[in-house]
Amino acid sequence: VFSDILTRRLLFFHRLQNMSEQRPSMTHVNNTIVGQNSLAVESAVQTAYCLGYKHKYVSSSCNLTGDADVLGETYAHWFSLAKQVSSGCERSKVLLKQSVMSLVDKEEVASAMISACEDGEKFCFIAGGEPTVRVVGDGKGGRNQHLALRASFAMSLAQTRKPLLCCLLCGGTDGQDGATTAAGAFAHSLVVIKEMEQAAKSALERNDSFSFYSQSQERDDLLVTGPTGVNVMDLHIFLFHFEKALT
């Protein structure tokens, strides 16, 4: 079985197994979970190690749910606070820890993020789950593209004079995000430049994130993989690397 439901609900498969055992015609059936979101997250973590991310600066969490708009703004808030921490702001450490733990409730994730900022090391946070989008428009998109655009929009509003080294990838493991040809999209502070802020705001209001990402001529910030044949929910990969503050 490939599971696209949250870990805490996997009891369903055990009940299914019990039902099979109670039917003579199904006694030969054995249900085994061979793919689920936590395995996808762990594979991404191992890939981060292979790419040179130090173990102490790689964190992960599963079971992310909730509103995609709120989650996108939360990631952008981390981005802003992490930059302030890297500049030596003590108050931002407290705020960053509170923000991280409000989402994942894992102190080690917050500690790793703060340590990476202070040490000038690159950081990787990998999350799995399946947030939701409140559809109010007639545009074209999916939850991952919407979340990425929401994060990009929030990042652009907090942008300083020079680009910050931060990127977020939101993608569906099945290779299709909503009724589009994309699996998801990238979010960073240059997706929504000042001249495109109104267009981005309109796209979010109309649930038209795919159209917004498709119109970019300079970069291809859509994630296009084609159908994978496997659905184990979504993956979010949040990367940043800020220079260590001079003391």
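The values are calculated or read from the model by the stated rules, or taken from the named source; none is laboratory data. Computed from a prediction, not measured in an experiment: that's the story for all the values here. Neighbour counts run over all protein chains shown; Cβ positions are idealised from the backbone, glycine included. With ligands, DNA and RNA removed, areas are computed over all heavy atoms of the protein, side chains included. Shrake-Rupley method; radii C 1.70, N 1.55, O 1.52, S 1.80 Å.
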Calculate I(q)/I(0) for segment 63-123 by the Debye formula, one identical point scatterer on each C-alpha and no solvent, and give its log10 at q = 0.20, 0.21, 0.28 Å⁻¹ to two decimals. -0.71, -0.78, -1.22
Please report the base-10 log of the normalised intensity I(q)/I(0) for segment 140-202, using a Debye sum with one equal scatterer per alpha carbon and no solvent, at each q in 0.13, 0.21, 0.24, 0.27 (1/Å). -0.34, -0.79, -0.94, -1.08
Mind checking segment 66-153 for trypsin sites (Lys or Arg not before Pro) that DSSP puts in a loop (not H, G, I, E or B) and that have at most 15 other Cβ atoms within 10 Å? Lys106, Arg134
About the Cα centre, charge dipole magnitude for segment 39-107 (Lys/Arg +1, Asp/Glu -1 at Cβ), debye: 400
Span from the segment 28-65 Cα centroid across to the segment 91-138 one, whole angstrom: 17
Expressed per residue, the solvent accessible area of segment 116-247 in Å² (1.4 Å probe) is about 48
Quick calc of log₁₀ I(q)/I(0), segment 108-247, Debye, one scatterer on every Cα, no solvent, q values 0.10, 0.13, 0.16 1/Å, result -0.35, -0.59, -0.85
